[in-house]
1. Hey, what did region 172-302 get for relative contact order, percent, Cα under 8 Å, at least 6 apart?
2. Build a GNM of the chain with springs between Cα atoms under 10 Å: which of 227, 28, 193 gets the top mean-square fluctuation?
3. Rank 196, 152, 293 by mean-square fluctuation in a GNM of the chain with C-alpha springs under 10 angstrom and give only the top-ranked residue.
4. Ratio of region 92-268's C-alpha Rg to 2.2 N^0.38 Å, to two decimals?
5. What is the order of 200, 253, 305, fewest Cβ neighbours within 10 Å to most?
6. What percent do you get for the relative contact order of the chain when only Cα pairs under 8 Å and 6+ apart count?
7. For region 15-90, what is the convex hull (Cα atoms) projected area averaged across all directions, in square nanometres?
8. Give me D for the chain in µm² s⁻¹, whole number, from Stokes-Einstein with Rh from the Kirkwood sum over alpha-carbon pairs, 37 °C and 0.692 mPa s.
Ligand code: 8YV
């Protein structure tokens, strides 16, 4: 039997998973050679646009190596009956851990301290700037999905009170609900953004929310860049409206606005949320399981249910 064709717009990690993909499927990378392709593998960041789908009249499955589907045109996929799968749960701990790491790096000036040592400033007798305590007080979680709830579990374990905002209050949630982002920011000093990207959340963290977070506040974004208004954020960092920010995601990755690069007390990382060997291996295994299930006509293990 000939191997099913897969258009791969993303690769799998670790290498053994990519090897398995290459062994089991006829993998092509050029969309111009995909007019008969039924399966696309893409990443959360790359997604698949309606224009790309239009070039694949036979498309049946979009397997996303990630949980974000904001870059997939879901309306078009639904209209054409194209199925979409993601990799939920297996990356939640990795992203939640990254969020806490960014909060610590920002509040305790860890990245700045590293640069200070390497630049020879410590050896030259200069004094590093003081940081601020991080693991205390109240944390707010904007977006109480799988990643947000995992983060809440970890924060509660660190004896931090957790508040959240979501579309609606969750029954039996262990954390306090706030109706909107500004109310949440007003009541916490650590604000974590874990909400899904897309039109509904674009610019949710704006100048008003940053003002509410306040001069002692730290913002962490491990979700999608556009959820935060980056101009308002750069201004808030420059003028001390908030104390600092840890950012793993940006509007137009991999480019980062100069205003954020220049902003004081802002820790920048290159979309590392799910980038651990264990999380990426588990994500790749789910991608391969979903593709195999589709090819064999079995129920999809993790269809996107939006
Ligand atoms: C991945 C992500 O880094 O899950 C997502 O939506 O953004 C990340 O986990 C990305 O999908 C690359 O594989």
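1. 18 percent.
2. 28
3. 293
4. 1.00
5. Fewest to most other Cβ atoms nearby, the residues stand as 305, 200, 253.
6. Taking the mean separation of contacting Cα pairs over the length of the chain, I get 17 percent.
7. Reported value for the Cα convex hull: 5.3 nm².
8. 160 µm²/s
We did not get these values from a lab; they are worked out from the coordinates using the rules stated. From a predicted model like this one, the values you see are computed outputs, not experimental measurements. Don't worry about glycine lacking a Cβ; one is built from the backbone with ideal geometry, like all the others, and counts go over all protein chains shown.
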